[in-house]
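Just so it is clear, none of the values below were taken in a lab; they were calculated from the coordinates. No experiment lies behind these values; they were computed from the predicted model shown. Every residue, glycine among them, receives a Cβ derived from its backbone with ideal geometry; neighbour counts consider all protein chains shown.
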Amino acid sequence: MNYPDFETEGRRLSILRILARRNQYTTNEYSLNDELVGAYAHRVSRDRLHGDLAWLEEQQLVITQSPRAGIIVTLTARGHDAATGLANVPGVAKPLPEA
């Protein structure tokens, strides 16, 4: 696996893990991007984040809604399984075991 693929898979897992910790398993793209940078050191453009969210939605791991400005992202049951390591989804890094 090359480095860009490794980074993309890790970022997608980070998105799912952020959502798994949120109340109602939902957040907006701005809060999501802030936590990606602050907690996971994934600094990406809005276009790249939107691409990741579209890909995650195609895989039925999240649901996205665009009510006005910005995107609202909600984790699905399948996405929760991927975030916790219960499901293996190609294109999403597998989480390491909890210590």
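Quick notes on this structure:
- Net charge dipole, the chain: roughly 180 debye, given to the nearest 20, about the Cα centre with Cβ charges of +1 for Lys and Arg and -1 for Asp and Glu.
- Cβ-Cβ FRET estimate between residue 30 and residue 58, R0 fixed at 25 Å, reported to 0.05: 0.65
- Summing Cβ point charges (Lys, Arg +1; Asp, Glu -1) relative to the Cα centre of the range 33-83 gives a dipole of roughly 140 debye.
- Taking trypsin sites (Lys or Arg not before Pro) across the range 34-99, the ones in a DSSP loop with at most 12 further Cβ atoms lying within 10 angstrom of their Cβ are 43, 68.
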